[in-house]
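Data first, discussion second: the structure below is written as structure tokens.
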Amino acid sequence: MSALQTIALKKADQSATTLGDWAGQVLLVVNVASKCGLTPQYEALQKLHERYAAQGFSVIGMPANDFKEQEPGSDAEIQEFCQVNYGVSFPVLAKIAVTGADQHPLYSALTAAHPETPDRQRFAERLKGFGIEPTPAPEVLWNFEKFLIGKDGTVISRFAPDTAPDDAAISAAIEAALAA
């Protein structure tokens, strides 16, 4: 098991878990928020989860309130929101911090393992256009940034928040990881 797979996490019900519970699967770890302009990505994330689940793939949602307080709800409220509005069946874990001084160890490890986001600048410029100062690299830029983790627990790829879950680049990376 990789070090990444041993980092303590909590499910929405506060019970203990780790990414090791999904060992041997390809994972797309996404920091999610319910009041973001990118929130409709939940629909495409669910479709992606359904498309590849039988092959050993899962989306893992990590709610975070780091950006403009766009995930203010409790863990129970977040679960209800995801189910009612998007029919989410992939795991959405307990809320964490993905940036800053309170950054969860999972996100410290993810950003250290893959500090570059190839398509980061495009979205950073959009944020500046809204008067929002982007976080410095390698920090997570915004809600719905995506980390692809291979079956062995290593970080394979990282995608900017505005890279849609149904983007061909994400599908190709998932398919390559599943075939590895």
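Can you give me the number of residues within the stretch 16-26 that are closer than 17 Å to Pro105 by Cα, in a strand (DSSP E or B) and of a type outside the set (Ser, Thr, Tyr)?
Of the residues in that region, 1 qualify.
When you look at Asp13, is it among the charged types (D, E, K, R) and not in a loop (DSSP other than H, G, I, E, B), yes or no? Can you show your working first?
Values: among the charged types (D, E, K, R): yes; not in a loop (DSSP other than H, G, I, E, B): no.
So Asp13 does not fit the description; no.
Out of everything in the stretch 65-82 that is of a type in the set (Asp, Glu) and over 19 Å from Asp13 (Cβ atoms), what residue ends up being surrounded by the most Cβ atoms within 10 Å (Cβ to Cβ)?
Per the stated criteria, the residue is Asp66.
Any residue at all in the stretch 118-136 that's in contact with a strand residue (DSSP E or B) (Cβ under 9 Å, 6 or more places away or on another chain) and among the β-branched types (Val, Ile, Thr)?
Within the stretch 118-136, none of the residues are in contact with a strand residue (DSSP E or B) (Cβ under 9 Å, 6 or more places away or on another chain) and among the β-branched types (Val, Ile, Thr).
Looking at Ile156, is it among the β-branched types (Val, Ile, Thr) and either touching a Gly at 6+ places or on another chain (Cβ under 8 Å) or crowded, with 20+ Cβ neighbours inside 10 Å (or both)?
Values: among the β-branched types (Val, Ile, Thr): yes; either touching a Gly at 6+ places or on another chain (Cβ under 8 Å) or crowded, with 20+ Cβ neighbours inside 10 Å (or both): yes.
Here the answer is yes, as Ile156 does meet what is asked.
From the list Ala124, Ala101, Ala137, which residue is without any contact (Cβ under 8 Å) to a residue 12 or more places away in the chain, among the hydrophobic types (A, V, I, L, M, F, W, C) and farther than 17 Å from Met62 by Cβ?
The conditions single out Ala101.
Just checking: which of the helices (runs of 4 or more DSSP H) contained wholly in the stretch 34-128 hold 1 or more residues that are under 27 Å from Ala180 (Cα atoms) and among the charged types (D, E, K, R)? Give the derivation first.
Values: elements: 41-52, 75-86, 105-113.
In the stretch 34-128, 41-52 are the helices (runs of 4 or more DSSP H) which contain 1 or more residues that are under 27 Å from Ala180 (Cα atoms) and among the charged types (D, E, K, R).
Quick one: what pairs do we get from the stretch 14-30, first residue over 11 Å from Leu4 (Cβ atoms), second acidic (Asp, Glu) and not in a loop (DSSP other than H, G, I, E, B), C-beta under 9 Å, 6+ apart or different chains?
Sorted first by the residue in the stretch 14-30, then by its partner, the pairs are Gln14/Asp75.
Bear in mind these aren't lab numbers, they're just calculated from the coordinates by the rules spelled out. For clarity, every value in this text was computed on a predicted model and none was experimentally measured. Neighbour counts run over all protein chains shown; Cβ positions are idealised from the backbone, glycine included.
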